[in-house]
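Structure record follows, encoded as structure tokens.
The values are calculated or read from the model by the stated rules, or taken from the named source; none is laboratory data. What you see is a predicted model, and the numbers here were worked out from it, not measured in a lab. Backbone-built Cβ (ideal geometry, glycine too); neighbour counts: all protein chains shown.
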Amino acid sequence: MNGFLYGIALQWKLDLRSKTMLITCYAVPLLFFAVMGGIFTSVMPESRYTLIQSMTVFSVTMGALIGLPPSLAEIYRSDVKNAYQANGVPLSFGLFLTNISAFVHLLIMSFILYVIAPVVFDAKIPVHPGTYFAGVTILIAVSLSIASVIGLAAKSAANTSMISILLFLPSTMLSGIMFPNNMLPKAFVMAGKLFPATWGYAFLTESTFIWNNLWPLLVIFVIAALLCAFLMKRIETRQ
Amino acid sequence: MTDALQVKGLRKSYGKKEVLKGVDLCIRKGDIFALLGVNGAGKTTMLECIEGLRRYDSGSIAISGRMGIQLQSASLPAYIKGIEAVRLFAKWNKATVNTSMLVSLGVNDLSGKQYREMSTGQKRRLHLALALISDPDIVFLDEPTAGLDVEGRISLHEYIRTLKAQGKTILLASHDMAEVESLCDSIAILKDGQIAFEGTVNELTEAVGKHYNICIKTSQGTETFEADNIGDSLISILKGYQEKSVDIHDIQVDRGSLEQHFVKIARGSRE
């Protein structure tokens, strides 16, 4: 096994040990699913048609925005990066490892919701599982790219929590998973369009592939990736 | 290139403040070399420039062979175990884990221990093991014994001597003068961004003048004297005791510690 593959496997283990990922990727989303799933399906029985999608968008948004930034800050805002540099490991290594590990965790959680929601709340399975999981994959990647920007830009691990919450709350509240978008004031609807959760939810709830719900996600991803490249360059260049 | 490291005209500024003002330095292969200087003299900047961790404005740095770096301020993820860190860096550097090196440094005992559970000394030993993992030709050690207990310090000194015996070159930054005196073949003192002295410990003693400390134990107590001319001074002191009919029990003469000489050069004053 080469250094990169060993690093991925190791990061996976570290995420499990740190418990942050366990809590943000599994424990809280499952709790949210158990409580809100029950409420949604009782109050609005038709919500079972979009329950898998809404719970998945919540889990991905939470796991990415709350779970990933502290891991990145631990590497790049501490002396860990010195150890990497001193031992000939490229600094971008930490960014890749944490993203890949978080990606796998979030994909597993999405699959868990996909399997248990129909059993527990009689949720309706998406018509095209292939398109659905392609959408989930894209949503995870885009959410992680934004989380990476937070992790690389924050001054400390503690600082990431504040920024993450500031993005996480409007992401979930304005994306349509909590309230139907047509019930929100127009300004909130427009604000919600800035977040990947809105476009991800729209993409996942459609029974067909809708390009208009996909390209905004790709634009957000490209912008976030460019910001990550800029921030990484700034971290690498010690004056 | 017969030298392990050659630095020529190294300059580095932070804004308008020039920290390194054209530093020249040469380290022979197989030497243990200490870079000394008071806080703010530019040691860390110089080391980081040499190690490739910091950009410099001008000058040249030539290093012969592979580098192993133990930084003073390095850390690892809180939940990583000792053996995992060793394996990660070994795999990344395509190196084979040297078990005897791990045993010598006591890192094998830390295999199952997470980084957050390690003491300062244990972390320091682990970082040294990581620095040595690729079997480097030149090893940079920044305050290697800081935070170690006496036993750990002694065993690390022994290991540094073992590295030297293996033909490795060691560049050491330390504030512990006793450590430098007992380990190092040569030293350089950095002062205000320039090399104020470069040579052996004995050469430093010569450079600061033949300054002696004389300690005499008598029936009336212990007295210490400082002298530049040992012969005349000692005769004069002993005559004084003879005239007062004082019994002399012991006489000790030393040429001052490295610390005293260092302070003299680094601060430009006599202490």
For this session: With respect to A:Leu72, determine if the residue is closer than 22 Å to A:Phe203 by Cβ and in a helix (DSSP H, G or I).
Result: no
Problem set entry | Qualifying positions in the range B:110-127 - touching a Gly at 6+ places or on another chain (Cβ under 9 Å) and outside any loop (DSSP other than H, G, I, E, B) | B:Leu110, B:Gln114, B:Tyr115, B:Thr120, B:Gly121, B:Gln122, B:Lys123, B:Arg124, B:Arg125, B:Leu126
Seminar exercise, completed: Counting only residues in the range B:90-107 that are over 26 Å from the mean Cα position of the chain (by Cα) and surrounded by 13 or more Cβ atoms within 10 Å (Cβ to Cβ), the one nearest to B:Leu130 (Cα to Cα) is identified as B:Ala90
Exercise. Quick one: A:Gln53 ticks every box in (1) within 19 Å of A:Pro118 (Cβ to Cβ); (2) over 16 Å from the mean Cα position of the chain (by Cα); (3) surrounded by 24 or more Cβ atoms within 10 Å (Cβ to Cβ) bar one, so which box is it?
Worked result: (2)
Seminar exercise, completed: Taking the range B:66-101 and keeping only residues that are more than 7 Å from every other protein chain (Cβ to nearest Cβ), at pLDDT 90 or above and part of a helix (DSSP H, G or I), one is left with B:Gly82, B:Ile83, B:Ala85, B:Val86, B:Ala90
Problem set entry | Condition check for B:Ala41: of a type in the set (A, V, I, L, M, F, W, C), in contact (Cβ under 8 Å) with a residue 40 or more places away in the chain, more than 14 Å from every other protein chain (Cβ to nearest Cβ) and touching a Gly at 6+ places or on another chain (Cβ under 8 Å) | yes
Problem set entry | Extreme residue, surrounded by the fewest Cβ atoms within 10 Å (Cβ to Cβ), among residues of the range B:32-54 that are touching a helix residue (DSSP H, G or I) at 6+ places or on another chain (Cβ under 9 Å) and either at pLDDT 90 or above or outside any loop (DSSP other than H, G, I, E, B) (or both) | B:Glu51
Exercise. Can you name the number of the only condition in (1) in contact with a strand residue (DSSP E or B) (Cβ under 6 Å, 6 or more places away or on another chain); (2) assigned to a strand (DSSP E or B) that B:Leu190 fails?
Worked result: (1)
Exercise. Counting just the residues of the range B:130-157 that are surrounded by fewer than 21 Cβ atoms within 10 Å (Cβ to Cβ), part of a helix (DSSP H, G or I) and over 14 Å from the mean Cα position of the chain (by Cα), which one comes out nearest to the other protein chains (Cβ to nearest Cβ)?
Worked result: B:Gly152
Seminar exercise, completed: Of A:Ile66, A:Ile138, A:Ile108, the only residue that is closer than 22 Å to A:Ser156 by Cβ and in a helix (DSSP H, G or I) is A:Ile66
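Table: residues versus (1) in contact (Cβ under 8 Å) with a residue 40 or more places away in the chain; (2) touching a helix residue (DSSP H, G or I) at 6+ places or on another chain (Cβ under 8 Å).
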position: B:Lys8; (1), (2): yes, no
position: B:Glu18; (1), (2): yes, no
position: B:Tyr56; (1), (2): yes, yes
position: B:Lys91; (1), (2): no, yes
position: B:Ser100; (1), (2): no, no
position: B:Leu105; (1), (2): yes, yes
position: B:Gly112; (1), (2): no, yes
For this session: Could you check how many residues of the range A:2-35 are over 17 Å from the mean Cα position of the chain (by Cα) and among the charged types (D, E, K, R)?
Result: 2
Exercise. How many residues does the range A:41-62 contain that are in contact (Cβ under 8 Å) with a residue 60 or more places away in the chain and either within 14 Å of another protein chain (Cβ to nearest Cβ) or in a helix (DSSP H, G or I) (or both)?
Worked result: 14
For this session: Select, from A:Ala117, A:Ala154, A:Ala123, the only residue that is of a type outside the set (D, E, K, R) and over 24 Å from A:Thr41 (Cβ atoms).
Result: A:Ala154
Exercise. Out of all the residues in the range A:84-99, is one or more assigned to a helix (DSSP H, G or I), in contact (Cβ under 8 Å) with a residue 40 or more places away in the chain and more than 14 Å from chain B (Cβ to nearest Cβ)?
Worked result: yes
Seminar exercise, completed: The one condition B:Ile63 fails out of (1) closer than 24 Å to B:Leu130 by Cβ; (2) surrounded by 19 or more Cβ atoms within 10 Å (Cβ to Cβ); (3) within 14 Å of chain A (Cβ to nearest Cβ); (4) in contact with a Ser or Thr (Cβ under 9 Å, 6 or more places away or on another chain) is (4)
Exercise. Got at least one residue in the range B:206-215 being closer than 30 Å to B:Ile154 by Cα, crowded, with 16+ Cβ neighbours inside 10 Å and among the acidic types (Asp, Glu)?
Worked result: no
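Residues are listed down the side, and each one gets a yes or a no for (1) away from chain B (no Cβ under 14 Å); (2) part of a helix (DSSP H, G or I); (3) surrounded by 15 or more Cβ atoms within 10 Å (Cβ to Cβ):
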position	(1), (2), (3)
A:Leu169	yes, yes, no
A:Thr172	yes, yes, yes
A:Ile177	yes, no, yes
A:Thr208	yes, no, no
A:Ala225	yes, yes, yes
A:Phe230	yes, yes, no
Problem set entry | Condition met for A:Tyr114 (away from chain B (no Cβ under 14 Å), within 22 Å of A:Ile146 (Cα to Cα), crowded, with 20+ Cβ neighbours inside 10 Å and hydroxyl-bearing (Ser, Thr, Tyr)) | no
